[in-house]
Amino acid sequence: MIAKIVKGSNFRGVVNYILDKEKDAKILVCDGLFAENKEAIANSFEAQAKMNPKVAKSVGHIALAFSKEDEQRLTDRAMAGIALEYLEKMGVKDTQILVVRHFDKEHPHVHIAFNRIANDGRTISDRNERIRSTRICKELTRKYNLYFASYKEQVKRHRLKEPDKTKYELYSLLKSEVLRCGNWQQLAVNLEQQGVEMQFKYKGKSDEVQGVVFSKNSYSFSGSKIDRQFSHSKIDAALNANRQEEQQRMMTSNQVPEQSTPQFEPTGSDDLYSGSIGLLMPDATNGQADENYFEEQLKRKKKKQRKIRF
């Protein structure tokens, strides 16, 4: 879930955009507004804004976008609820609000128009709104277990130009290959088959590896510049983890179950306890010592039974 915040002064313009028929718009929330048509909605916004004419930009416009992975879960009711909770946390309350869902893109999203002039004429603060919005989006994404796309996954890659285009190609390749390789040599071979050259950076003239560089399409990037998870140390840790997991899996699959003699299954705690006594008893050739031992164990058994009774 991400938010894009825009402020302006033209309620009519934002209402026309949000309720554009070509965007297959659907009103989810309309609070404090006459909703007969776009004209009535815009007039309602403008009338309240006149309560505080000193505020030049009284139009609040926020687009909330969600991942396509959550499309099946995001019903109209769910999106309306999340939008209202977001506004509450942002301090946008006691004012006119219009929440509209659009269906013109592959990912679920809503547009919110609100009046920065509250019902009582006060101004709704926009202080640090982008910082607060980012934090709140993360909170709600975690709260509702929504898909948490990384920044790089949100980028429209078909619009990128070089060298960013190659950088994101490397990001995708590394994300896939690092997960399935168990050592640096295997990683290098797999990347080379896909047109990527890998080189280590060394500290001074020593053999100490300081970093790793990936090259493709005549462009080179250090791993950490592609993404922090692809620094030399983090890739090395991931490869080691993959190797250990594979070794553990092989050890588990190679284990042969031991053949055991069928045992009588006790039907109660007394039988289990008696069986334990039998296993711990000394050899019967000890004569009187055996009898004394057996009597002692019976006393302990009765004492324990008294303790566990309710």
Scan the stretch 158-234 for GluC sites (Glu not before Pro) in coil per DSSP, keeping those whose Cβ has at most 10 other Cβ atoms within 10 Å, and list them by number.
208
Filtered trypsin sites (Lys or Arg not before Pro), the stretch 17-59: DSSP coil and at most 14 other beta carbons within 10 Å
50, 54, 57
Please get the size of the charge dipole for the stretch 157-253, origin at its Cα centre, with Cβ charges of +1 on Lys and Arg and -1 on Asp and Glu, quoted in debye to the nearest 20.
380
For the stretch 1-88 the mean separation of alpha carbon contacts under 8 Å (6+ apart) over residue count, i.e. relative contact order in percent, is 47
For residue 222, net neighbour charge (Lys/Arg +1, Asp/Glu -1) across residues whose Cβ lies under 12 Å away
+3
Round to the nearest 0.05 the FRET efficiency obtained for residue 105 and residue 254 when R0 = 51 Å and r is the Cβ-Cβ distance.
0.50
Going by how many other Cβ atoms sit within 10 Å of their own, how do 130, 73 line up, fewest first?
130, 73
Dipole-positive endmost among 191, 253, 220 within the stretch 157-253 (Cβ charges, Cα centre):
220
Translational diffusion of the stretch 2-149, µm² s⁻¹ [Kirkwood Rh, Cα pairs; Stokes-Einstein; 37 °C; 0.692 mPa s]:
211
Taking the stretch 1-63, which chymotrypsin sites (Phe, Trp or Tyr not before Pro) meet the DSSP loop condition and have no more than 10 other C-beta atoms within 10 Å?
none
Assuming 0.36 nm per residue, please report the length gained on full extension of the stretch residue 164 to residue 16 beyond their Cα-Cα distance.
49.7 nm
Going down the list 165/234; 68/201; 7/167; 138/216; 68/167, which pairs span over 32 Å between their C-alpha atoms?
68/201; 7/167; 138/216
Return a whole-number percent for the relative contact order of the stretch 2-149, with Cα pairs under 8 Å and 6 or more residues apart as the contact set.
32
Which pairs break 19 Å Cα to Cα here: 23/105; 175/205; 21/57?
175/205; 21/57
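Read-outs throughout are calculated quantities, based only on the coordinates presented, and are distinct from any laboratory measurement. None of these values were measured; they are calculated from a predicted model. Note that we place each Cβ from the backbone using ideal geometry, even for glycine, and neighbour counts take in every protein chain shown.
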